[in-house]
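Written out below as structure tokens is the structure these notes cover.
What follows is calculated from the coordinates using simple rules that are stated; it is not laboratory data. Source: prediction; values computed, not measured.
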Amino acid sequence: MSKVNYPFTMVKLAVLVVLSGFMASCSAGPIAEISVSQAVVKRPLTGKTQTVAYFELHNNSTKQKTLKQVRSQIAGTIELHTTIKSGSTLRMQRLSELIIPAHSSVSFSPGGKHLMLFRVAELNATGAILEFYFSDDSTYAVEFSIEDY
Ligand SMILES: [Cu+2]
């Protein structure tokens, strides 16, 4: 009997190990619906209280997400801006919201979309948390690094 059961038990053990490995990866968290990479806040120039932030915003979900607002303790106000070319001049335009289609990314980078931070205190730290608010009431706290221009 034991000679028959032994290999069977081994198989069950192997399945258990695979399952517990799977569950461990689940408890570490499934891929978040929203992720942010290359998140940088530029340290305001001396005497200035406004600055910009850049990042890549990834929608990893199967639904479109609408970014409504970004807030942080380091700034009085944060606006979503895009850059519009009119003739030969570039000018910034405020966006009331930003739609990120399912399974896609939006780049906030120099010359394009960016976050505009107003009433920024002196930034001596190397990082700051910005909170992203979406229309579906989901919010994400994102760690930005603070870098010089
Ligand atoms: Cu701007």
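Once backbone amide H atoms are built at 1.01 Å from N, Met92 has Ile84 as its partners under 5 Å, excluding neighbours fewer than 5 places away on the same chain. Divide the volume of the convex hull around the Cα atoms of region 34-147 by the residue count and you get 101 Å³ per residue. Put simply, the amide H of Gly127, placed in the peptide plane, has neighbours under 5 Å in Ile146, leaving out anything fewer than 5 places away on its chain. A simple rule links phi to the HN-Hα coupling: the Karplus curve 6.51 cos²θ - 1.76 cosθ + 1.60 with θ = phi - 60°, which for region 45-54 gives 5, 3, x, 9, 10, 10, 7, 10, 9, 10 Hz, with x for Gly and Pro. Amide H contacts for Ile34 (H built 1.01 Å from N in the peptide plane; partners 5 or more residues away or on another chain; cut-off under 5 Å): Asn60.
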